[in-house]
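What follows is one structure encoded as structure tokens, with my remarks underneath.
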Amino acid sequence: MRIHCLEHVWFEDSAIITDWANHKGYSITKTRFFKGERLPDQKTFDFLVILGGPMNIYQDTKYPWLKEEKVFIEKAINNDKVVLGICLGAQLIASSLGAKISVNKDKEIGWFTVTTNTAGTILLPKKFKAFHFHEDTFELPKQAKLLAETKACRNQAFSFNKGKVIGLQFHLELKADGIKAIIDNADSEIIENKFIQSPLVIMNKNHNFASANKIMTNLLNIITETQIKKEGNNG
């Protein structure tokens, strides 16, 4: 399995995904837009991971690589790649599939309970805590399945193309240092209310980090093992 990650800022990296790939013996390469790196040939990877970032998907003027990235994601989906988008990455996938991205009623920052539906429990636990840091939300793309929701944001996860394409609005991949880096780089946005926790509360949820990482590892195993099995049957 050849994995390629799209990274938008230095403080939102692949974290536990890299650990998992190394453990499995899978190759992992990256395009770091913040370093001006170019996108690879689509033939060089099987599994595309699109990570988060503080930008909005419609800020093409400020971040000109966004236009090229959206086209690249659409091509990956059309080329029948396995695609996973996290936070901004989920919004980019949804946009590439023709769905609207807009400002959510409530900004969501902190550890909040995600509840999955029947379709979602194939990939995720029925209820779990995940780290959130977003103000935008995506509409559900046509022919996509909604998988999960929170009290603050209804559309939290979706699958498309028989589960080969998955979007998660929340973070399960980040370790404690990654979440601290996000907080340190966006502290002006953290104004406590019903759906925004203080940095102290966020970083004190020690048990949540390991639990979230375990859920992500399980999700990655399901995605890749299902795909490997399908390829074996087709062979």
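Every number here is computed from the coordinates shown, using simple stated rules; none is lab data. Note that the structure is a prediction, hence the values are computed from the model and not measured. Here the Cβ positions follow ideal geometry from the backbone for every residue, glycine too, while neighbour counts run over all protein chains shown.
How about the range 23-93: which GluC sites (Glu not before Pro) there lie in a loop by DSSP and see at most 16 other Cβ atoms within 10 Å? Numbers along the way, then the final one.
Values: sites: E37, E68, E69, E74; in loops: E37.
Loop-located and lightly packed - E37.
Calculated [222 nm] ellipticity per residue, helices only, for the chain: -10500 deg cm²/dmol; basis is -39500 (n - 2.57) per DSSP H run with n ≥ 4, divided by all residues, nearest 500. Packing, taken as the mean count of other beta carbons within 10 Å per residue, orders the peptides 58-66, 219-227 from highest to lowest as 219-227, 58-66. Electrostatic bookkeeping for D177 treats Lys and Arg as +1 and Asp and Glu as -1; over the other residues with beta carbon under 14 Å from its beta carbon, the sum is -3. If you take the square roots of the eigenvalues of the alpha-carbon gyration tensor of the range 74-127 and sort them as a ≥ b ≥ c, do you get rounded (a/c under 1.5), prolate (a/b over b/c) or oblate? It comes out oblate by the Cα gyration axes. Candidate values (1) 53, 40, 34; (2) 62, 53, 31; (3) 61, 35, 32 were compared with Cα extents along the principal axes in Å computed on the shown model; the agreeing label is (1). Once both labels are positioned 7 Å from their Cα atoms along Cα-to-Cβ, the gap between K127 and K142 label points is 3.7 nm. Charge tally around T118: other residues with Cβ under 11 Å, Lys/Arg +1 each, Asp/Glu -1 each, net +2. Label point of R38 set 7 angstrom out along Cα-Cβ; within the range 55-90, amide nitrogens under 20 Å from it belong to 64-76. For I190, neighbours were defined as the other residues whose beta-carbon sits under 11 Å from its Cβ, and their charges (Lys and Arg +1, Asp and Glu -1) total -3. Of the cross-linked pairs K67/K127; K35/K127; K43/K127; K100/K151; K151/K180; K162/K205, which ones have a Cα-Cα span greater than 32 Å in the structure shown? Violating the 32 Å Cα-Cα cut-off are K67/K127; K35/K127; K43/K127; K162/K205. Applying a DSSP loop filter and a limit of 15 other Cβ atoms within 10 Å to the chymotrypsin sites (Phe, Trp or Tyr not before Pro) in the range 151-235 leaves nothing.
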